[in-house]
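First the structure, in the form of structure tokens, and then the observations on it.
The values are calculated or read from the model by the stated rules, or taken from the named source; none is laboratory data. These numbers come from a predicted model, not from an experiment. Glycine also receives a Cβ, built like all others from the backbone with ideal geometry; neighbour counts cover every protein chain displayed. Just the protein is used for accessible areas: all its heavy atoms, side chains included, with ligands, DNA and RNA removed. Shrake-Rupley method; radii C 1.70, N 1.55, O 1.52, S 1.80 Å.
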Amino acid sequence: TFCELGYFQTGLGISVKSDCILCPLGHFCSSSNYSLCPQGTYQTGEGALPGGCKLCGEGTYSTSLGATSSDSCIACGTGLYQSGKGAARPLDCLACNAGTFQNNYGMSFCRLCGAGTFQTG
């Protein structure tokens, strides 16, 4: 007997669905096992399916495995941007190019320098 979606079993010979365990926070489950949500993701609810971990948003990253909240997603610093979702490393936050800047945290873009100003990068 296989467990329903969002549940898993821990041993061989499981014969009744009541032996299945609800997938815990910060994990995703198939019928036979469970795994931690990878870096760059989190899961706030129980019973998540494979692919059910939520991606950290643009302008953030997370190095945590099995994160249970978007609070694990850390904002990129000033002078940096990150335009994708699910970033897993601080190095995924990129420095603004010459002629652009970013003076806020957690942004997905850099702004063009105004007339009469410059930024070397």
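Structure notes:
- Full extension of the segment from Ser70 to Thr117, taken as 0.36 nm per residue of separation minus the current Cα-Cα distance, would add 13.3 nm.
- Once the 1.4 Å probe is applied to the protein heavy atoms, segment 1-84 comes out at 53 Å² accessible per residue.
- Free-standing Cys residues across the chain, given no other cysteine C-beta under 4.7 angstrom: Cys113
- The mean sequence distance of close C-alpha pairs (under 8 Å, at least 6 residues apart), as a share of the length of segment 11-121, puts its relative contact order at 21 percent.
- Carbon plus sulfur fraction of accessible area for the chain, probe 1.4 Å, in percent: 55 percent
- Gain in span if fully extended, Thr10 to Thr78, counting 0.36 nm per residue against the direct Cα distance: 19.9 nm
- Simple rule: put +1 on each Lys or Arg Cβ and -1 on each Asp or Glu Cβ in segment 34-121, find the dipole, and look at Gly114, Cys76, Gln39; the Cα lying farthest toward the positive end is Gly114.
- With distances taken between every two different alpha-carbon atoms, the chain has a Kirkwood hydrodynamic radius of 16.1 Å.
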